[in-house]
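Here is the structure we will look at, set down as C-alpha coordinates.
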Amino acid sequence: MRSLLERPITFRLSDAARRRYEGAAAERGMTLSAYLRDRLEVDDQVAEHISQLRLTLMDGGVADQAPASILPILLELLLLSRRHCSPGDMRAVHLELDRQGVPPWTPT
(Lines give C-alpha, C1' and ligand atoms only; values in the text may rest on other atoms or scores of the structure.)
Protein backbone atom coordinates (compact mmCIF):
# COMPACT_ATOMS: atom_id res chain seq x y z
CA MET A 1 0.00 0.00 0.00
CA ARG A 2 1.39 3.37 -0.99
CA SER A 3 1.73 5.96 1.77
CA LEU A 4 -0.12 9.25 1.55
CA LEU A 5 2.00 12.05 0.12
CA GLU A 6 0.98 15.07 2.12
CA ARG A 7 4.02 17.35 2.42
CA PRO A 8 4.82 19.28 -0.77
CA ILE A 9 8.32 20.68 -1.26
CA THR A 10 9.15 23.48 -3.65
CA PHE A 11 12.60 24.15 -5.07
CA ARG A 12 14.06 25.88 -8.11
CA LEU A 13 15.90 24.37 -11.06
CA SER A 14 17.57 25.88 -14.08
CA ASP A 15 15.57 25.62 -17.30
CA ALA A 16 18.08 23.12 -18.67
CA ALA A 17 17.85 20.88 -15.59
CA ARG A 18 14.05 21.00 -15.61
CA ARG A 19 13.93 20.03 -19.29
CA ARG A 20 16.41 17.21 -18.69
CA TYR A 21 14.38 15.84 -15.76
CA GLU A 22 11.07 16.26 -17.58
CA GLY A 23 12.50 14.36 -20.54
CA ALA A 24 13.78 11.56 -18.34
CA ALA A 25 10.41 11.39 -16.55
CA ALA A 26 8.53 11.30 -19.86
CA GLU A 27 10.75 8.46 -21.14
CA ARG A 28 9.71 6.43 -18.11
CA GLY A 29 6.04 7.43 -18.34
CA MET A 30 6.22 9.27 -15.02
CA THR A 31 5.29 12.71 -13.78
CA LEU A 32 8.16 15.04 -12.94
CA SER A 33 7.28 14.81 -9.23
CA ALA A 34 7.24 11.01 -9.23
CA TYR A 35 10.53 10.88 -11.14
CA LEU A 36 12.28 13.27 -8.73
CA ARG A 37 10.89 11.38 -5.72
CA ASP A 38 12.25 8.14 -7.13
CA ARG A 39 15.64 9.74 -7.81
CA LEU A 40 15.84 10.97 -4.21
CA GLU A 41 14.86 7.57 -2.84
CA VAL A 42 17.40 5.79 -5.04
CA ASP A 43 20.12 8.18 -3.87
CA ASP A 44 19.17 7.40 -0.25
CA GLN A 45 19.46 3.67 -1.00
CA VAL A 46 22.82 4.18 -2.72
CA ALA A 47 24.11 6.17 0.26
CA GLU A 48 23.01 3.38 2.63
CA HIS A 49 24.65 0.76 0.39
CA ILE A 50 27.90 2.73 0.37
CA SER A 51 27.80 2.97 4.16
CA GLN A 52 27.34 -0.79 4.45
CA LEU A 53 30.23 -1.46 2.06
CA ARG A 54 32.48 0.89 4.03
CA LEU A 55 31.56 -0.83 7.29
CA THR A 56 32.34 -4.21 5.76
CA LEU A 57 35.78 -3.00 4.73
CA MET A 58 36.51 -1.20 8.00
CA ASP A 59 35.32 -4.04 10.26
CA GLY A 60 38.06 -6.28 8.90
CA GLY A 61 35.58 -8.63 7.32
CA VAL A 62 37.81 -8.75 4.26
CA ALA A 63 41.21 -8.27 5.90
CA ASP A 64 42.11 -11.96 5.79
CA GLN A 65 40.97 -12.42 2.21
CA ALA A 66 43.21 -12.41 -0.83
CA PRO A 67 43.27 -9.14 -2.81
CA ALA A 68 41.51 -10.77 -5.79
CA SER A 69 38.59 -11.83 -3.61
CA ILE A 70 37.95 -8.29 -2.33
CA LEU A 71 38.15 -6.74 -5.80
CA PRO A 72 34.39 -7.02 -6.48
CA ILE A 73 33.46 -5.16 -3.28
CA LEU A 74 36.09 -2.50 -3.96
CA LEU A 75 34.86 -2.02 -7.53
CA GLU A 76 31.26 -1.79 -6.35
CA LEU A 77 32.23 0.75 -3.70
CA LEU A 78 34.16 2.78 -6.27
CA LEU A 79 31.29 2.81 -8.76
CA LEU A 80 28.70 3.70 -6.13
CA SER A 81 30.92 6.43 -4.71
CA ARG A 82 31.58 7.96 -8.11
CA ARG A 83 27.87 7.94 -8.91
CA HIS A 84 27.11 9.67 -5.63
CA CYS A 85 29.84 12.35 -5.86
CA SER A 86 29.82 15.63 -7.68
CA PRO A 87 32.71 16.61 -9.95
CA GLY A 88 33.83 19.04 -7.23
CA ASP A 89 33.94 16.19 -4.70
CA MET A 90 36.05 14.14 -7.11
CA ARG A 91 38.48 17.03 -7.55
CA ALA A 92 38.77 17.40 -3.77
CA VAL A 93 39.50 13.67 -3.39
CA HIS A 94 42.12 13.78 -6.15
CA LEU A 95 43.77 16.81 -4.51
CA GLU A 96 43.86 14.97 -1.17
CA LEU A 97 45.39 11.90 -2.83
CA ASP A 98 48.00 14.15 -4.48
CA ARG A 99 48.72 15.74 -1.09
CA GLN A 100 49.30 12.28 0.39
CA GLY A 101 51.56 11.28 -2.49
CA VAL A 102 49.11 8.74 -3.91
CA PRO A 103 48.55 9.08 -7.65
CA PRO A 104 44.78 9.23 -8.32
CA TRP A 105 43.32 6.83 -10.84
CA THR A 106 42.31 8.40 -14.13
CA PRO A 107 40.93 6.68 -17.24
CA THR A 108 43.58 6.15 -19.89
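A few points about this structure:
- Looking only at region 10-38, and only at residues there that are closer than 30 Å to LEU75 by Cα and in contact with a helix residue (DSSP H, G or I) (Cβ under 8 Å, 6 or more places away or on another chain), the one that is surrounded by the fewest Cβ atoms within 10 Å (Cβ to Cβ): ARG28
- For region 24-54, residues that are in contact with an Asp or Glu (Cβ under 9 Å, 6 or more places away or on another chain), among the charged types (D, E, K, R) and in contact (Cβ under 8 Å) with a residue 24 or more places away in the chain total 0.
- The condition of being charged (D, E, K, R), more than 22 Å from the chain's Cα centre (by Cα) and at pLDDT 85 or above holds for only one of ASP15, ASP64, that being ASP15.
- Among the conditions (1) out of contact with any helix residue (DSSP H, G or I) (no Cβ under 6 Å at 6 or more places or on another chain); (2) of a type outside the set (A, V, I, L, M); (3) at pLDDT 90 or above, the only one that GLU96 does not satisfy is (3).
- Of all residue pairs spaced 6 or more apart or on separate chains, those with beta-carbon atoms under 7 Å, a first member in region 4-23 that is free of Cβ contacts under 8 Å to residues at least 60 places away in the same chain and a second member that is part of a helix (DSSP H, G or I) and aliphatic (A, V, I, L, M) are TYR21/LEU32; TYR21/LEU36; GLU22/LEU32.
The values are calculated or read from the model by the stated rules, or taken from the named source; none is laboratory data. Predicted model, so just to flag it, every value in this text is computed and none were measured. Don't worry about glycine lacking a Cβ; one is built from the backbone with ideal geometry, like all the others, and counts go over all protein chains shown.
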